[in-house]
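Student: Dropping the structure in here first, questions after.
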Amino acid sequence: MISLSLDNLTKGYRNKELASKLAKLIEKEASNASYRFMHVCGTHEDTITKHGLRALLPNSIDVVAGPGCPVCVTHPRRIELALKLLEGRKNVILTTFGDMYRVPSSYGRSFSHAKARGFNVKVVYSISDAIRIARSISNKEVVHFAVGFETTAPSTASSLLQNPPKNFSIISAHLAVPPALDYLLASGEVAVQGLILPGHVSAIIGWRAYEFLVDRYKIPQVVAGFEPLDVLVALKMLLRQVKEGDIKVENEYYRVAKPDGNLKAKKLMDEVFALEDAKWRGLGNIPKSGLRLKPEFEQFDATMKFDIKAPEIDRDTEPGCRCGDVIKGLVKPEECQLFGRTCTPYDPRGSCMVSVEGTCAIAYKYRRSRL
Amino acid sequence: MCLGVPGKLVKITGVKGIVSFGGAKMEVDLSLVEKPRVGEYVIVHAGFAIERIDRANARETIRLLREVF
């Protein structure tokens, strides 16, 4: 019997020999045609690039990154809203996750710039840390920039249900993944033969949440974990579906993701949030894809508390930035004129160049030598 | 952003718990997991355990990978 240790949970899925064997099998199966698959998770892009999986795969298989990085698709109006709130009020502390901190709005303004100008911005690892700050500094207002897909939204919901202090509120920038996939596939712009679905979003919402896409678009889908063997197995499963015409949602990450997901987390999310139309950076307005607080939680809604509206803006990317096309998998980061020249992780122009999960930031980190 | 790290739940105090990541320990909110138990492996994301790791299924995947490929 295989013992299960923490080591095994990662190393067990990183076996080089197995990876080579799998890659050979994939090569054999993909020898007669070309295939293009899309994943929608920044952590998958990191796994694929860090472990050099694209080099291991045959040329007949192209794996592109879709809109899988929440901070990359957070609309700049939300960033400008948080900045407006912070800069108009001396008693506000803005808390943010680290990967959001340096994301520029379409006018090149970020939370880090506000901090440099003397405003109170704190980077937190968890919303729990933001609430701890609010409890310890009770004469200040703490506003948490709540960003993330369904993986993160339940933690916001649960925190609001655990009686946070009165001086705590949030700007909800939470987004839902399935409506975005629906929108992308409906647009017809994205020509892919299958989707690798995000393991941790799926751990919350369950893999059945994507079945409507099979009915609508006949698109093969596999939920995958985040180790190299997880991704290779998922690709092999997608290939089989395409070749045999046996199209469905399959689950490679069954050690974590269940058919209906995490019921408790979903219930908390439903209690606190309602779906509304939301703008995604680089993609556009996507129906029923944004998580807004329900009326009974509006005391925690910073926009209500401070009576503030998001400013109108006339563009969602900086001129020349192709982040929108990168997010749709239409171009590779290296095809953007700004990539590695005026746009680097040290001085990012676009949102995809900031987070460790941004497609451009990952390409810059691991593939720069090819420039 | 959706990075989740596997760790072992070593202590539970109400809604909070201590998760060990190969020795490095951290306080984690357990409110999203139904009836967590000490000794279980969980996926931790942004300070919250978002789901437990099914031991039997994890073993099964590794066994299958070794047998099939």
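The values are calculated or read from the model by the stated rules, or taken from the named source; none is laboratory data. All values reported here derive from a predicted model rather than from experimental measurement. Reconstructed Cβ throughout: ideal geometry from the backbone, glycine too, with neighbour counts over all protein chains shown.
Student: What about A:Ala153, is it among the aliphatic types (A, V, I, L, M) and within 14 Å of chain B (Cβ to nearest Cβ)? Break it down into steps so the answer makes sense when it comes.
Tutor: Details: among the aliphatic types (A, V, I, L, M): yes; within 14 Å of chain B (Cβ to nearest Cβ): yes.
For A:Ala153, the condition - among the aliphatic types (A, V, I, L, M) and within 14 Å of chain B (Cβ to nearest Cβ) - is met.
Student: Taking into account only those residues within segment A:171-211 that are assigned to a loop (DSSP other than H, G, I, E, B) and within 15 Å of A:Lys328 (Cβ to Cβ), which is farthest from the other protein chains (Cβ to nearest Cβ)? If you could, list the steps in order and put the result at the bottom.
Tutor: From segment A:171-211, those assigned to a loop (DSSP other than H, G, I, E, B) are A:176, A:188-193, A:206; that's our starting set.
Within this subset, residues satisfying the condition of being within 15 Å of A:Lys328 (Cβ to Cβ) are A:188-192.
Details: A:Gly188: 27, A:Glu189: 24, A:Val190: 20, A:Ala191: 25, A:Val192: 20 Å.
Here the residue is A:Gly188.
Student: Checking the conditions here, which among A:Leu232, A:Leu263 is within 14 Å of chain B (Cβ to nearest Cβ), touching a Leu at 6+ places or on another chain (Cβ under 7 Å) and at pLDDT 95 or above?
Tutor: Details: A:Leu263 fails: touching a Leu at 6+ places or on another chain (Cβ under 7 Å).
Of the residues listed, the single one that is within 14 Å of chain B (Cβ to nearest Cβ), touching a Leu at 6+ places or on another chain (Cβ under 7 Å) and at pLDDT 95 or above is A:Leu232.
Student: Another one. A:Pro164 passes all but one of (1) under 29 Å from B:Gly4 (Cα atoms); (2) touching a strand residue (DSSP E or B) at 6+ places or on another chain (Cβ under 7 Å); which number fails?
Tutor: The single condition A:Pro164 does not satisfy is (2).
Student: Oh, and also: When you scan segment A:260-273, do you find a residue that is in contact with an Asp or Glu (Cβ under 7 Å, 6 or more places away or on another chain), of a type outside the set (S, T, N, Q) and farther than 30 Å from A:Glu298 by Cα, even just one?
Tutor: no
Student: Quick test for you: out of A:Lys309, A:Lys294, pick the one residue that is at pLDDT 95 or above, surrounded by fewer than 22 Cβ atoms within 10 Å (Cβ to Cβ) and farther than 30 Å from A:Cys360 by Cβ.
Tutor: Numbers: A:Lys309 fails: at pLDDT 95 or above.
Testing whether each residue is at pLDDT 95 or above, surrounded by fewer than 22 Cβ atoms within 10 Å (Cβ to Cβ) and farther than 30 Å from A:Cys360 by Cβ leaves just A:Lys294.
Student: For a quick check of your reading of the model, give me the residue pairs whose first member lies in segment A:359-371 and is outside any helix (DSSP H, G or I), whose second is modelled with pLDDT of 85 or more, with beta-carbon atoms closer than 6 Å and at least 6 apart or on different chains.
Tutor: What qualifies is A:Leu371/A:Gly340.
Student: Select from segment A:98-150 the residues that are within 13 Å of another protein chain (Cβ to nearest Cβ), touching a residue at least 60 places away in the same chain (Cβ under 8 Å) and either acidic (Asp, Glu) or touching a Gly at 6+ places or on another chain (Cβ under 8 Å) (or both) and list them in ascending order.
Tutor: A:Asp99, A:Glu150
Student: So, in segment A:212-240, of the ones that are in a loop (DSSP other than H, G, I, E, B) and out of contact with any helix residue (DSSP H, G or I) (no Cβ under 6 Å at 6 or more places or on another chain), which residue ends up nearest to B:Val68 (Cα to Cα)? It would help to see each step written out before you state the result.
Tutor: From segment A:212-240, those in a loop (DSSP other than H, G, I, E, B) are A:218-220, A:225-227; that's our starting set.
Okay, now just the ones that are also out of contact with any helix residue (DSSP H, G or I) (no Cβ under 6 Å at 6 or more places or on another chain), so A:218, A:227.
Details: A:Lys218: 28, A:Glu227: 18 Å.
Filtering first and then ranking leaves A:Glu227.
Student: Within segment B:19-30, how many residues are of a type in the set (A, V, I, L, M, F, W, C) and not in a strand (DSSP E or B)?
Tutor: So in segment B:19-30, the residues of a type in the set (A, V, I, L, M, F, W, C) come out as B:19, B:21, B:24, B:26, B:28, B:30.
Still in the running and not in a strand (DSSP E or B): B:30.
Adding up the residues that qualify gives 1.
Student: Follow-up. Within the bounds of segment A:241-248, is there any residue that is at pLDDT 95 or above, buried (at least 17 other Cβ atoms within 10 Å of the Cβ) and part of a helix (DSSP H, G or I)?
Tutor: yes
Residue-by-condition table, conditions (1) in a strand (DSSP E or B); (2) at the interface with chain A (Cβ under 9 Å from one of its Cβ atoms); (3) within 22 Å of A:Thr151 (Cβ to Cβ):
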site	(1), (2), (3)
B:Pro6	yes, yes, yes
B:Lys11	yes, no, no
B:Gly17	yes, no, yes
B:Leu32	no, yes, yes
B:Gly39	no, no, no
B:Val42	yes, no, yes
B:Glu51	yes, yes, yes
B:Ala56	no, yes, no
B:Thr61	no, yes, yes
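Student: Is it fair to say A:Phe149 is within 23 Å of A:Asp316 (Cβ to Cβ), of a type in the set (Phe, Trp, Tyr) and out of contact with any Lys or Arg (no Cβ under 9 Å at 6 or more places or on another chain)?
Tutor: Values: within 23 Å of A:Asp316 (Cβ to Cβ): yes; of a type in the set (Phe, Trp, Tyr): yes; out of contact with any Lys or Arg (no Cβ under 9 Å at 6 or more places or on another chain): yes.
Yes; evaluated as a whole, the condition is true for this residue.
Student: Please report, ordered by residue number, the helices (runs of 4 or more DSSP H) entirely within segment A:1-97 with at least 2 residues that are within 30 Å of A:Asp129 (Cβ to Cβ) and facing chain B (nearest Cβ under 10 Å).
Tutor: Details: elements: A:6-11, A:16-29, A:42-50, A:53-56, A:70-73, A:76-87.
Helices (runs of 4 or more DSSP H) meeting the threshold: A:6-11, A:42-50, A:70-73.
Student: Among the candidates A:Ala278, A:Ala310, single out the residue that is closer than 23 Å to A:Cys69 by Cβ and in a loop (DSSP other than H, G, I, E, B).
Tutor: On the way: A:Ala278 fails: in a loop (DSSP other than H, G, I, E, B).
Checking each option against the conditions leaves just A:Ala310.
Student: Out of curiosity, is B:Val28 more than 7 Å from every other protein chain (Cβ to nearest Cβ), at negative phi and crowded, with 20+ Cβ neighbours inside 10 Å? Steps first, answer last, please.
Tutor: Details: more than 7 Å from every other protein chain (Cβ to nearest Cβ): yes; at negative phi: yes; crowded, with 20+ Cβ neighbours inside 10 Å: yes.
Spelling it out, B:Val28 is indeed more than 7 Å from every other protein chain (Cβ to nearest Cβ), at negative phi and crowded, with 20+ Cβ neighbours inside 10 Å.
Student: For the subset of segment A:321-371 comprising residues that are of a type in the set (Val, Ile, Thr), under 19 Å from the mean Cα position of the chain (by Cα) and farther than 20 Å from A:Phe37 by Cβ, which member is modelled with the highest pLDDT? Full working, then the answer.
Tutor: Step one: of segment A:321-371, the residues of a type in the set (Val, Ile, Thr) are A:326-327, A:331, A:342, A:344, A:354, A:356, A:359, A:362.
Cutting the leftovers down to under 19 Å from the mean Cα position of the chain (by Cα) gives us A:326-327, A:331, A:354, A:356, A:359, A:362.
Filter again for farther than 20 Å from A:Phe37 by Cβ, leaving A:354, A:356.
Working: A:Val354: 91, A:Val356: 83.
The selected residue is A:Val354.
Student: Select from segment A:76-111 the residues that are of a type outside the set (Lys, Arg) and surrounded by fewer than 17 Cβ atoms within 10 Å (Cβ to Cβ) and list them in ascending order.
Tutor: Pass one, segment A:76-111, residues of a type outside the set (Lys, Arg): A:76, A:79-83, A:85-88, A:91-101, A:103-108, A:110-111.
Listed by number, the residues that qualify are A:Glu87, A:Gly88, A:Asn91, A:Gly98, A:Tyr107, A:Gly108.
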